[in-house]
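Chemist: Input: one structure, supplied below.
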Amino acid sequence: MTETDHPRRVTRALLSVSDKTGLIEFAQALAAHGVELVSTGGTAKAIASAGLKVKDVSELTGFPEMMDGRVKTLHPKVHGGLLAIRDNKEHAEAMKAHGIAPIDLLVVNLYPFEATVDKGAGFEECIENIDIGGPAMIRAAAKNHDDVAVVVEAQDYKAVLDELAANKGATTLKLRRRLAAKAYARTAAYDAAISNWFNRQLEIDAPDFRAFGGRLIQSLRYGENPHQTAAFYATPDKRPGVSTARQLQGKELSYNNINDTDAAYECIGEFDAKRTAACVIVKHANPCGVAEGSDLVSAYRKALACDSTSAFGGIIAMNRALDADTAREITKIFTEVIIAPGASEEAIAIIGARKNLRLLLAGSLPDPRAPGLTAKTVAGGLLVQSRDNAVVDDMTFKVVTKRAPTDAEMRDLKFAFRVAKHVKSNTIIYAKDLATVGIGAGQMSRVDSARIAARKAQDAASELKLAEPLTKGSVVASDAFFPFADGMLACIEAGATAVVQPGGSMRDDEVIKAADEHGIAMVFTGTRHFRH
Ligand SMILES: NC(=O)c1ncn([C@@H]2O[C@H](COP(=O)(O)O)[C@@H](O)[C@H]2O)c1NC=O
């Protein structure tokens, strides 16, 4: 221990915690270091019940806790003890004059606002769970980290005790600074949760300030590329998916794995597990095969057949619990990640033979209709929008051509439009028998997307030794309108017989006329699914 470590002995600690996990053991260890314990109502009770000596904060302030706990620690005797600069003569004099004793360690975790919202509590209960005294103390202690250590969650009890043990009852500046940085992030994330909850209650879409907060799930080895740093954070909304899933086995997820797994699971969420079994295979955040089937294994085989070359090293999402047959089939080729709501014991054992294959169980599917926000960064800015929660089952498919789709075409059109929502624009999806047979993604021109998808379907046909590509007699979905007839004509050339698109182009009439001339059935959804 050197002078640069700026050691500060802990003589008095104030503990005020809602989550009392590990509290007793921590308080016992502090007491063993000769630390005087001061505490608020419930925390003091818990500490005292373990036979430890603890001073109630009301003894310190001379005021009882009042107004349903709204006022407990908001007092100069507390805040002076936290904020006084120990080496400052005037501060020392003020402490002496007003009988303020220093507090060297603050241990606070906040009222469970996020958990209260999560359980669906009403407005008043949420408001009562906004902590005021806790954040005020945390921010004061963190500002004065030169003299005071601040702990905001039980996870850091050990780091503090290790330092006290190693440094004769003192903490180092390095630890106090790290704890201060964490403390401000905690109160910021807490306030972000509160302000976003208010925005939702008041239906404010564009608040003057927008804050987001998250808790570290995992620090990642690197980002999209090895020279980039990265970490994964959980937001308070707990949408089922890659952030909430339990990883049963396999290597640690990478940044790209997380991004791709999210894309796969969001897409599979479109397929109601009670209605159908479905499988999505994703590469580089775009589906390269999607299918419904009578069971999971047939859905998987159909999805794989769409583009088995791209599916190598892919991410697979299922809408039902992974079963043994499907697990066996999947292990025939190299796959990076499987995500499903659950898995049978037998399936888990089969996947277990592939040590590196990650298996994630998310418990449930994300609700495609659920509201929420998505955000992306641009230079110097943050673009925030509501999630694309439009679903096919809520749309009216308006027939605009002379010929209406057959029942089989209509079924496949709905399937294809569900998938189109999850493919990067410009998107063209060819589908047949509830399976994608050609996917064109992320092209700058819709015509190119149509041609690339058709060419890929041709490649798949040669691989499967089919006489002609499955685009013959397929249907087509376009995520946005055809600005000219050329994109649709490219689809017809590939053999499509029916088309679904949002409509709304200045040249809709031209496109409809071209469809009629070729005997094509076309429907408009009125909903666009751009995805960039
Ligand atoms: N009002 C206050 O002065 C105040 N001071 C501390 N708290 C919170 O009270 C909780 C602990 O309460 P208890 O020790 O009674 O279980 C902690 O989450 C702490 O952040 C307060 N509660 C709310 O603001």
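Chemist: Compute the relative contact order of the chain as a whole-number percentage, counting only Cα pairs closer than 8 Å that sit 6 or more residues apart in sequence.
Modeler: Over the chain, the number comes to 9 percent.
Chemist: With Cβ to Cβ distances under 10 Å as the rule, what net charge do the other residues near Asp516 carry (K, R +1; D, E -1)? Walk me through the intermediate numbers first.
Modeler: Values: positive: Lys402, Arg403, Lys513; negative: Glu517.
Local charge sum for Asp516: +2.
Chemist: Say the dipole of region 8-202 comes from +1 at the beta carbon of Lys and Arg and -1 at that of Asp and Glu; which of Gly133, Val150, Leu74 then lies farthest toward its positive end?
Modeler: In region 8-202, that residue is Val150.
Chemist: Between exposed GluC sites (Glu not before Pro) in the chain, where DSSP calls loop and at most 12 other Cβ atoms lie within 10 Å, what's the longest gap?
Modeler: Of all site-free stretches, the longest is 253-532.
Chemist: Given a Förster distance of 30 Å, report the FRET efficiency between Ile333 and Ala29 from their Cβ-Cβ distance, rounded to the nearest 0.05. It would help to have the intermediate numbers written out before the result.
Modeler: Values: r = 53 Å, r/R0 = 1.76.
Computed FRET efficiency for Ile333 and Ala29: 0.05.
Chemist: Dipole magnitude of region 396-532 about its Cα centre, charges +1 at Lys/Arg Cβ and -1 at Asp/Glu Cβ only, in debye to the nearest 20?
Modeler: 400 debye
Chemist: Just rank Cys126, Cys491, fewest to most, by other beta-carbon atoms within 10 angstrom.
Modeler: Values: Cys126 17, Cys491 34.
So the residues, fewest neighbours to most, are Cys126, Cys491.
Chemist: For Ile428, Ile281, Ile204, Ile452, what ranking results if the residue with the fewest other Cβ atoms within 10 Å of its Cβ goes first?
Modeler: In order of increasing Cβ crowding within 10 Å: Ile204, Ile452, Ile281, Ile428.
Chemist: Obtain the nm distance between the two label points defined at Ala92 and Met66 by a simple spin-label model: each point lies 7 Å from its Cα along the Cα-to-C-beta direction.
Modeler: So the two model labels end up 3.5 nm from each other.
Chemist: Can you give the FRET efficiency to the nearest 0.05 for Ala159 and Thr229, using r as the Cβ-Cβ distance and R₀ = 22 Å?
Modeler: Efficiency for this residue pair is about 0.50.
Chemist: Let me ask another. Taking only DSSP H segments of four or more residues, each worth -39500 (n - 2.57), what value at 222 nm results for the chain once the sum is divided by all its residues, to the nearest 500 deg cm²/dmol?
Modeler: It comes out at -11000 deg cm²/dmol, rounded to the nearest 500.
Chemist: Next up: Please give me the summed charge of the neighbours of Tyr222: other residues whose Cβ is under 15 Å from its Cβ, Lys and Arg +1, Asp and Glu -1.
Modeler: 0
Chemist: Here is a further query. Among Lys332, Lys402, Lys421, what is the fewest-to-most ranking by other Cβ atoms within 10 Å?
Modeler: Ordered from fewest to most neighbouring Cβ atoms within 10 Å, Lys332, Lys402, Lys421 come out as Lys332, Lys402, Lys421.
Chemist: So how much slack lies between Leu373 and Ser49, counting 0.36 nm per residue of separation and subtracting their Cα-Cα distance, in nm? Spell out each step's value before the answer.
Modeler: Values: separation 324, 0.36 × 324 = 116.64 nm, distance 4.49 nm.
Here the segment from Leu373 to Ser49 would lengthen by 112.2 nm.
Chemist: Once fully extended, how much extra length lies between His284 and Arg507, figured as 0.36 nm per residue of separation less the alpha-carbon to alpha-carbon distance?
Modeler: So the extension gain works out to 76.9 nm.
Chemist: Between Thr406 and Asp5, how many nm apart are label points set 7 Å from Cα along the C-beta direction?
Modeler: 8.1 nm
Chemist: Could you please report the charge total around Gly314, scoring K, R as +1 and D, E as -1 over all other residues with beta-carbon less than 10 angstrom from its beta-carbon?
Modeler: After counting each charged neighbour, the total is -2.
Chemist: Answer rounded, prolate or oblate for region 13-94, using the Cα gyration tensor with square roots of eigenvalues a ≥ b ≥ c: rounded when a/c is under 1.5, else prolate when a/b is larger than b/c, else oblate.
Modeler: oblate
Chemist: To check you understand DSSP bridge types, tell me what percent of the beta bridges within the chain (both residues inside) are antiparallel, rounded to 5.
Modeler: Of all bridge pairs located within the chain, approximately 55 percent are antiparallel.
Chemist: Now for a different question. Output the pairs from Lys238/Lys376; Lys72/Lys96; Lys119/Lys302 with a Cα-Cα distance over 29 Å in this structure; if there are none, say none.
Modeler: Checking Cα-Cα distances, Lys119/Lys302 exceed 29 Å.
Chemist: Spin-label point model (7 Å from Cα, Cβ direction): what's the Asp19 to Arg215 distance in nm?
Modeler: Simple spin-label model gives 0.4 nm for this pair.
Chemist: Rounded to the nearest 0.05, what FRET efficiency is calculated for Arg275 and Thr396 with R0 set to 25 Å and r the Cβ-Cβ distance? It would help to have the intermediate numbers written out before the result.
Modeler: Numbers: r = 19 Å, r/R0 = 0.78.
It comes out at approximately 0.80.
Since every read-out is calculated from the coordinates, none of them should be taken as a lab result. The model shown is predicted, which means the values in this text are computed figures rather than measured ones. Methodologically, a virtual Cβ is constructed for each residue, glycine included, from the backbone with ideal geometry; neighbour enumeration extends over all protein chains shown.
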